[in-house]
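**Q** One structure coming up, written as structure tokens, with questions to follow.
The values are calculated or read from the model by the stated rules, or taken from the named source; none is laboratory data. Being a predicted model, the structure only gives us computed values, none of them experimental. Cβ sites come from the backbone with ideal geometry, for glycine too, and all protein chains shown count toward neighbours. Protein only, heavy atoms only, side chains kept; ligands, DNA and RNA dropped before computing areas. Shrake-Rupley method; radii C 1.70, N 1.55, O 1.52, S 1.80 Å.
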Amino acid sequence: MVEKVALIGSGNWGSAVAKIIGRNVTKFNHYDNEVKMWVFEEKVNGRNLTEIINTQHENVKYLPGIKLPENIVACPDLVETCSDATMLVFVVPHQFVTSICKQLKGKIHPDCKAISLIKGIDVNADGFRLITDMIQDSLGVRSCVLSGANIASEVAEEKFCETTIGYRNRADGELFRDIFHTPSFRVNIVEDVVGVELCGALKNIVAIGGGLVDGLKLGDNTKAAIIRIGLYEMRKFSKMFYKDVKDETFFESCGVADLITTCAGGRNRKVAEAHVTTGKSFDQLEKEMLNGQKLQGTSTAQDMYNILSKKNLCHEFPLMTTIYRICYENLPPLKIVEDI
Ligand code: NAD
Ligand code: 13P
């Protein structure tokens, strides 16, 4: 069977993986060479972003300076992008997944499989759901997850790193590994979708903590303490809600390695540092500093707080709770070390 890949999303990370996938599908006979990429259409200097991508082969807004392979075809219509695909790659900020799944319901290929590259969770009145579960429940497809220490610009420049794919069905994990793995982007596959996914979502909260201590100029020892306590709370939360999450997963790229990179170089870290040094709100700084890219850490801190407060568990997760309060309740940033 010939597999056809479609990308849902074209931001900073979506564009970086488009470069990898576009090249990799041409290396095997069992992949269709054309990869459609759904673009949330917008004007850039008076032109449609899709038109720019399809003529200049570069996402000039979200990943400037990196050429995309010509077999990546930008498309503004979500259903048209996905209707003939057998492998869907979800790579949008998590707040947009519900609406995307609604639009795709009943309109995808019967043999479809999915993978989520999204770092976030979905919270609703009944509790919370993993993004892979949302995709599975709403579209009726199995979903793997990919997460790792993967700052998009560095991956796009082909600097060596590792990543982790979590699978439930090994054949799916291997199929997706083939479209991502390269000598500079080393994929390890593990049978733990939940662990990989929760690592990716929760590390964004810790990244805010890393940025706060940078803004406060507290030094490397404090940053290391935030990383250690963050890792501890990530593992505790994961195992509290999903007892089958594996300890080994926290030693994969999606675990400790992503925490280190995200607390050193990510967008959440950068904006949190600026929150301390400028006193501006996270929303304002996201608009001023990220040129349309989205922060995931603040909203995930809020999601996590909603889950913990409903269950009276805030005192068991002092770091995550304090980070939420600094972001949303005007708690002074120094509380990051005083309240944990
Ligand atoms: P991004 O933050 O760079 O870009 C935001 C994207 O959202 C743009 O493509 C924009 O067009 C789109 N958008 C804006 N409004 C929208 C709407 N109403 N509906 C749908 N889309 C809309 O995105 P990204 O960095 O590719 O992030 C996607 C996911 O990948 C996130 O979960 C992120 O945590 C994760 N991730 C990012 C990186 C990274 O370094 N950027 C690395 C690993 C994982
Ligand atoms: P930021 O969203 O904070 O840039 O983190 C990127 C990332 O997930 C690196 O692995």
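**Q** Whether any residue in the stretch 153-162 is within 16 Å of ligand 2 (Cβ to nearest atom), open to solvent by less than 10 Å² (accessible area, probe 1.4 Å) and under 24 Å from Ser299 (Cα atoms) is what I want to check.
**A** no
**Q** Any residue at all in the stretch 70-84 that's more than 16 Å from ligand 2 (Cβ to nearest atom), under 24 Å from Leu295 (Cα atoms) and open to solvent by 20 Å² or more (accessible area, probe 1.4 Å)?
**A** Yes, because at least one residue in the stretch 70-84 is more than 16 Å from ligand 2 (Cβ to nearest atom), under 24 Å from Leu295 (Cα atoms) and open to solvent by 20 Å² or more (accessible area, probe 1.4 Å).
**Q** If you go through the stretch 259-299 one residue at a time, how many are open to solvent by 70 Å² or more (accessible area, probe 1.4 Å), within 12 Å of ligand 2 (Cβ to nearest atom) and not in a helix (DSSP H, G or I)?
**A** Selection size over the stretch 259-299: 1.
**Q** I've got another one for you. Answer with yes or no whether Ile118 is away from ligand 2 (no atom under 11 Å from the Cβ), under 20 Å from Ile8 (Cα atoms) and at pLDDT 95 or above.
**A** no
**Q** One residue is enough: does the stretch 257-272 have a residue meeting the conditions among the hydrophobic types (A, V, I, L, M, F, W, C) and over 14 Å from Ile208 (Cβ atoms)?
**A** Scanning the stretch 257-272, I find at least one residue that is among the hydrophobic types (A, V, I, L, M, F, W, C) and over 14 Å from Ile208 (Cβ atoms), so the answer is yes.
**Q** Is one or more of the residues making up the stretch 176-192 more than 17 Å from Ala18 (Cα to Cα), part of a strand (DSSP E or B) and within 16 Å of ligand 2 (Cβ to nearest atom)?
**A** Yes.
**Q** Let me ask you something else. Might you let me know whether the stretch 270-279 holds any residue that is under 21 Å from the mean Cα position of the chain (by Cα) and away from ligand 1 (no atom under 16 Å from the Cβ)?
**A** Yes, the stretch 270-279 contains a residue that is under 21 Å from the mean Cα position of the chain (by Cα) and away from ligand 1 (no atom under 16 Å from the Cβ).
**Q** Of everything in the stretch 116-133, what is open to solvent by 10 Å² or more (accessible area, probe 1.4 Å) and either within 16 Å of ligand 1 (Cβ to nearest atom) or small (Gly, Ala, Ser) (or both)? Give them in sequence order.
**A** Lys119, Asp122, Val123, Ala125, Gly127, Phe128, Arg129, Asp133
**Q** State whether the residues of the stretch 173-185 include one that is closer than 30 Å to Ile340 by Cα and open to solvent by 10 Å² or more (accessible area, probe 1.4 Å).
**A** The answer is no; no qualifying residue exists.
**Q** For residues that are of a type outside the set (Val, Ile, Thr) and assigned to a loop (DSSP other than H, G, I, E, B), scanning just the stretch 88-113, find the one that is nearest to Asn150 (Cα to Cα).
**A** Per the criteria, the residue is Pro93.
**Q** Looking only at the stretch 239-258, filter to residues that are acidic (Asp, Glu) and in a helix (DSSP H, G or I); which one of those is least open to solvent (accessible area, probe 1.4 Å)?
**A** Across the stretch 239-258, the extreme among qualifying residues is Asp258.
**Q** I need every pair where a residue in the stretch 302-325 that is part of a loop (DSSP other than H, G, I, E, B) has its Cβ under 6 Å from the Cβ of a residue that is not β-branched (Val, Ile, Thr), sequence separation at least 6 or different chains.
**A** Phe317/Glu233; Phe317/Leu308
**Q** Something else now. Within the stretch 134-170, track down each residue that is in a strand (DSSP E or B) and either more than 10 Å from ligand 1 (Cβ to nearest atom) or of a type outside the set (S, T, N, Q) (or both).
**A** Scanning the stretch 134-170 gives Ser143, Cys144, Val145, Leu146, Cys161, Glu162, Thr164, Ile165, Gly166.
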